[in-house]
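Some notes on the structure that comes next.
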Amino acid sequence: MAMKAGKMGFWLGAILAALLATGTARAQVEIEYWQYTFAQRVQAIDELIKRFEAANPGIKVKHTHVPYDDFRVKIAAAIPAGQGPDVVQLFYGWLQDYLKAGLLQPLPASDFSAVEIEREFFPIVQQMKVDGKYYAVPTAVRSLALFWNKALFKEAGLDPNRPPATLDELVDYASKLTKRSPNGDLLQEGLTIDMGGQDHHWLREVLIRQYGGVPYSADKKSVAYNTDAGVAATQWYIDLVSKQKVGQIGFLTDGVTAFRSGKAGMTIDGSFRLGALDNQKGLDYGVAELPARNNIKSNFASYWVNGITTKATGAKLDASVKFLRFLTTPEAMELWLTTVGELPARRSVAEKDANKNHVKYGPFIRGLSYSYATDFVNESAQRKVMMDMVDKVVLKNMPTKQAVAEAAVEEQKLLDGFYKK
Amino acid sequence: MIRRLEDMTLGQRRAIWAWGFLALPVVFYVSIRFYPTLEAFRASFTNWNIVGRMEYIGVANYVRLAHDPAFWKVIGNTFTYLGLGVPISMLLSFVIAYHLDRVRFGHGLLRALYFIPHLTTAVAMAWVWRWFYQPPPIGAFNVWLTTLGFGQMPFLRSTTQALPAVLAPAIWAGIGFQIVIFLAGLKAIPRTYYEAAAIDGAGAWRVLFEVTLPLLRPTIVFLVVTSSIAYLRIFDYVYAMTNGQGGPLDTTKPLVLKIFETAFTHFEMGYAATQTIVLFVILLAISLLQLKLLRSR
């Protein structure tokens, strides 16, 4: 009996304490969320915070956005000083750097179980698992697709509702879409050629694989494209400029501008471009899965993730976990899709019929199921290696085989520099 | 110990007032300029990568720099910008100012027209020039070339033409300022020297070389030093005209762009600081040398 009363007292006390705790939490907990400044992302997070706060009256989320160029610097400076975000958005390729600097804490397995993440999310998300623990999860993922200009298709006598399905068809269509003046000056590109844009992803993760190669070794630490397949894929890409002449590097300054201004029949770009293209008056375009070769399909995916920083402890940690869980709900993903144009990271949401068969999102979502996310150690430096490789052949007449070999050496240096640290 | 204000001499009081007013800029310069500069010296001996701690690695960054072919390439480019930019801009601006000084009709308008590019945002101007350099039928320069019967030029897509093509708008924007300074210098030369020269029967060339140019020496020194510093630090035009790459194949990349890349795409702050120190030493050496050569004699 006495024991019973003691137990009861314990429970009463616990309930009281819990009530008190939520009572104070209700008045107090404020967490900070940081991302980089990008109009649609800011708008989406503002709306999500509004909904989250309505559902969780005890928690306030302060939203800070920082210009992209300063984003990493500010976070790196703030967190060790006990300032800055509790929940932060980062690019998937930055995870290793963030972990080395001790900026992130592992997500509690009780709220983010590895089994659940691996069952629910696209497999590329597994890159966020380090030593069996997940450190970040995405709301959305992005992939590539082929954009085509329907009006220019009609003009060239092509069916405006039938995009090229194979690389051979791509070249054929691109030739028909290319227009030159009587003295040979390029007036309209068949396909944009822009290594500075998304083409380096297309070459690395799509073309090289379609030619039977792989871009990197299985342990991600070695460049693996300096092979016959890698050379053949690169040669095919360079031939678009030098043999088929369906495009020109730097035409109208870049591929996006050329396509937007109706001076390019086709371009390869990401789902994040949909918003800008939809705002372009008079541009009637379609989106298709990337062309296949020998029935091999491939795609490149990338994503931004949200993680919890080492700054968050106690009540703030609990609130951060709640907020992060909310950011990865199907509801948040649907909102992100319609506001930002990025694809839901949960398969069940992305592959809903309404999304999978959507005329514009659909091709990107279908591409996700066979996509690869490159383990970049320094994306802009690795992109530059690819740009230089193509320039060496196009401007300096270097044999493609040699240019690929030199690129492999250059990129290997970047990988070595990163993994030896 | 502290003397009251009334006990001080007028001179002492003045000094106190002067220091009082100077204190603000002094504090500003010490905290915003000198302290970070000293920090950069310190960072150049570390392997700081923005995140994480600074670890001292001695002169390893300097050794690495000396053996970095990419560094010597950008040093070469930087000195090409300097070697082409300073003489061309000085010559152009002097010739224009010299003649403008003689023009009465529309003098103010012409001067304003030459000065406007200097007031325009570099990035906006660089983008306009980028479009000028496009192949025909879009790029204005190539349209003119082909209309006049010449072949078209690749400009920014050439490993040899890209650097001068990037330099051209920088010179064009820079001479506006140089012309105005030259005009002021020319105006400051007393008429009596010219009258005396005319009485002695000196020709126009003789007047130019023996009166005008020697008396313009302070102006020339000022412009050579400031424009040298500007061309050694060229960045915005290159960044805007080559998508931030300094391409094709690094042929337009100046030292400052390499510093920017090292710091903000590779996040090697220590190594970037080392390059900044080298740039600082180059700027200091060149400025001192020019001052010594041009000022005395």
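Just so you know, all these numbers are worked out from the coordinates, no wet-lab data involved. Note that the coordinates shown come from a computational prediction; the quantities given were computed from them, not determined experimentally. For neighbour counting, all protein chains shown are included, and Cβ atoms are generated from backbone atoms with ideal geometry for every residue, glycine included.
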Computed over chain A: longest principal axis from alpha-carbon atoms vs helix A:314-327 long axis, angle to nearest 10 degrees, is 40 degrees
So, for the Cα atoms of the stretch B:113-207, Rg and Dmax in Å stand at 20.1, 57
Take the Cα gyration tensor of the stretch B:63-296, multiply each eigenvalue by 5, square-root it, and list the three semi-axes largest first, rounded to whole angstrom. 36, 25, 14
Residue-wise HN-Hα coupling along the stretch A:249-255, computed from phi with Karplus coefficients 6.51, -1.76, 1.60 (Hz; x: Gly, Pro): 5, x, 4, 6, 6, 7, x
Which links in A:LYS413/B:LYS258; A:LYS150/A:LYS243; A:LYS221/A:LYS322; A:LYS220/B:LYS73; A:LYS220/B:LYS253; A:LYS50/A:LYS150 stretch past 28 Å when you go from one Cα to the other? A:LYS221/A:LYS322; A:LYS220/B:LYS73; A:LYS220/B:LYS253; A:LYS50/A:LYS150
Have a look at A:ALA174, A:ALA54, A:ALA408 and tell me which one the Gaussian network model of chain A (Cα, springs below 10 Å) gives the largest fluctuation. A:ALA54
Which value in Å is the Kirkwood Rh of the stretch B:74-125 over different Cα pairs? 13.0 Å
Magnitude of the Cβ-charge dipole (Lys and Arg +1, Asp and Glu -1) of the stretch B:63-296 about the Cα centre, nearest 20 debye, reported as 240 debye
Report, for the protein assembly as shown, the % of DSSP beta bridges that are antiparallel, rounded to 5. 70 percent
Under a 5 Å amide H to amide H cut-off, with H placed in plane at 1.01 Å, what residues pair with A:THR166 once short-range neighbours are removed? A:ALA292
Check B:GLY139: other-chain or 5+ apart residues with amide H under 5 Å from its amide H, H built from backbone geometry? B:GLN134
What are the ³J(HN,Hα) couplings of the stretch B:75-85, residue after residue, when phi is run through the Karplus curve with 6.51, -1.76, 1.60 and θ = phi - 60°? Round to Hz, x for glycine and proline. 5, x, 4, 4, 6, 5, 4, 5, x, 8, x
So which residue, out of B:ARG42, B:ARG111, B:ARG191, gets the largest mean-square fluctuation from a GNM of chain B using Cα contacts under 10 Å as springs? B:ARG191
May I ask you to derive the FRET efficiency for B:ALA112 and A:GLU47 from their Cβ-Cβ distance with R0 = 56 Å, giving the value to the nearest 0.05? 0.65
Suppose we keep just the alpha-carbon trace of the stretch A:119-256; what are its Rg and Dmax in angstrom? 18.4, 63
Within 10 Å of each Cβ in B:126-138, the average number of Cβ atoms from other chains: 3
Projected area averaged over all directions for the convex hull of the alpha carbon atoms of the protein assembly as shown, nm², comes out at 49.2 nm²
May I ask for the Kirkwood hydrodynamic radius of the stretch B:101-156, worked out over all distinct Cα pairs and given in angstroms to one decimal? 13.4 Å
Most mobile listed residue (A:GLY93, A:GLY314, A:GLY362) in chain A, GNM with C-alpha springs under 10 Å: A:GLY314
When the helices in the protein assembly as shown are scored as -39500 (n - 2.57) per DSSP H run of 4 or longer and the sum is shared across all residues, what 222 nm value do you end up with, to the nearest 500 deg cm²/dmol? -17000 deg cm²/dmol
Once phi is turned into θ = phi - 60°, what whole-Hz ³J(HN,Hα) does the Karplus curve with 6.51, -1.76 and 1.60 give for every residue of the stretch B:181-193, x standing for Gly and Pro? 5, 4, 4, 5, x, 5, 5, 7, 7, x, 4, 4, 4
Please list the non-local residues whose amide H lies under 5 Å from the amide H of A:LEU104, H modeled 1.01 Å from N, same-chain partners needing a gap of 5 or more. A:THR310
Hydrodynamic radius by Kirkwood for chain A, inverse mean 1/r across distinct Cα pairs, in Å, is 23.5 Å
